[in-house]
Each structure stands twice: as structure tokens, then as C-alpha cells.
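What follows draws every value from the coordinates through simple rules; no lab data is involved. This one's a predicted model, so the numbers in the text were calculated from it and none came from an experiment. Methodologically, a virtual Cβ is constructed for each residue, glycine included, from the backbone with ideal geometry; neighbour enumeration extends over all protein chains shown.
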Ligand code: FPP
């Protein structure tokens, strides 16, 4: 008899392939903290830059898996406002890698119907880099198969301060600021909040990522280092998500349907 692994058994007891999570239980927005490149390289006695390069090779396969599963928005944490504190050569290396990915893959990204977006700041980056990102955003702006949202020079606290400054200098009276219209001032204004946040490499923290938007996100932590994080790991994360009961702080009997399948009913 074919052996079925425990991660292939759905909570209702039926055998369930990770590829067959019910469509209704697929998150709309997945965000990933891609951690562990440095450790992956150190395990092989290689420089950290080698880990980042190998990590970057994982981007398109993961994007493919996300599309195959019907996810509409993917946010990747590629460089935080705190990452400027790393040695200059590592910072330059991360910037160069994203620049190279954009140069070599932007047409493929476009052909796949992916819309590229950026959250964070561009003004601390070189003009060439800024132009490459802006060109990619412009080229792909009408695509709607997947929004690929790259968080680069992004920090959640910085984003909130940025939003507050814009509110104060804008037209909305402070007494009329609500949770809903505050969202309009965030970098993620055109995205739903992330349903699922994945972090690789065994750390269990948010590290200043989407701290406003993650109030009711589900979390999935994996020990796998980012360069080894495979499409199978994405499938497992989605299967685990499909088992979660989301209540958004409400009582089950009073739940409005935020998520048609895996809300508590
Ligand atoms: C964390 O690993 C990862 C990063 C700081 C950057 C993530 C970058 C990539 C996946 C490659 C490039 C992709 C883009 C889009 C630029 P770490 O260095 O903190 O690993 P460690 O915790 O093992 O030291």
C-alpha cells in the first residue's frame, strides 16, 4: 500500500495531497521572510554573497508555485531598513543581485502576467537601480495574474511613520482617521492584508515586516534555509494554512465571512 505522510492527511481524516488544498482555502496574499542565506553559505564554507546568490535563484520557482496554487499577491522581504547596518560589501551585493534579477527576468515576469510592485524607499538607491525598478513596474502595470511585491529598503515602523506624516500634511482631519483609511497611506494600499506570512530558517519573529498589516495574519515557520526552500515547502505551508481556523477576534457564531473556507463556522 502506498504510504501517506502525516502532512498529507487533512484534519477531516481524508488523504489529501498538498497539491489539492481546496480552492477556497488558498490565501489571497502570502508574504515571505526569506531568511537563512548566510547560514546556508556558512554551512558550505562559502561567503555570504554565495548564499544570497543561491537564494535569488529560488525566487522564480517559488513565484511559479504561488501562481500554480492560485495566490493573487506575493510579498517578498528582500532588504529591510535595518539591513543597511550590514557590511558595505554585503549591502552592495544584495542591491546588485536584485538589479541583476530585474535585468534578466523582467521580460519573463511580464510574459507570465505578473505585476511587479515595490514597497519601501527607493531614494537611497542608485539612479540606475531606481530606474530599473520603475521600468519594471511600468512595463507590468496592467498584468493581473499575480502581484509580485518586492519589499526593498522596507521597514514596518518606517512605513507607519511615513503614513502618519502624510496624514498630518494631508486633507483628512485627524479625528477622521480610521483603521480603514489609515490603510490608504501605507505602501501596501492596493493590497489586502497578508493572510499567510512564511518565515524560513527557524527564526520566529516578524523583524519589522508588515507590522500593521499582519494583525490577523497566520504564521508559518520553517527550519529550512531559504536557498533550500522548495515548491514542496510552499505546498506544505498552504496545506497547514488550510487547516487553520481564522476568527479575527470574533466569536464563531458572530463571524462574518472574512475567508470563505477556513474561518470558524
Ligand atoms: C536573510 O538571510 C536574507 C536577506 C537579508 C535577503 C534576502 C535576499 C534574497 C533571497 C536574495 C536576493 C533576492 C532579492 C529579491 C534581492 P541572512 O543573510 O540574514 O541569513 P542568515 O540569517 O543565515 O545570516
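One table, with the values for the structure above:
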{"read-out": "Alpha carbon Rg of the range 116-265, scaled by the compact-globule rule 2.2 N^0.38 Å", "value": "1.21"}
{"read-out": "Net lengthening on full extension, residue 104/residue 42 (0.36 nm per residue, minus Cα-Cα)", "value": "19.6 nm"}
{"read-out": "Cβ-derived FRET efficiency at R0 25 Å, residue 144 paired with residue 172, nearest 0.05", "value": "0.25"}
{"read-out": "Per-pair calculated FRET efficiency, R0 = 51 Å: residue 24 and residue 121 via Cβ, rounded to 0.05", "value": "0.90"}
{"read-out": "Fewest-first sequence of 84, 212, 40 by Cβ atoms within 10 Å of each Cβ", "value": "84, 212, 40"}
{"read-out": "Once the Cα gyration tensor of the range 65-152 is diagonalised, semi-axes √(5λ) in Å", "value": "24, 14, 11"}
{"read-out": "By average C-beta atoms within 10 angstrom, highest first, the peptides 47-54, 73-80, 236-243, 87-94", "value": "73-80, 236-243, 47-54, 87-94"}
{"read-out": "Debye equation applied to the C-alpha atoms of the chain, log10 I(q)/I(0) at 0.12, 0.17 Å⁻¹", "value": "-0.79, -1.48"}
{"read-out": "Centre separation in Å (Cα based) which lies between the range 175-200 and the range 54-72", "value": "23"}
{"read-out": "Cα-based Kirkwood hydrodynamic radius, the range 26-80, one decimal, Å", "value": "12.2"}
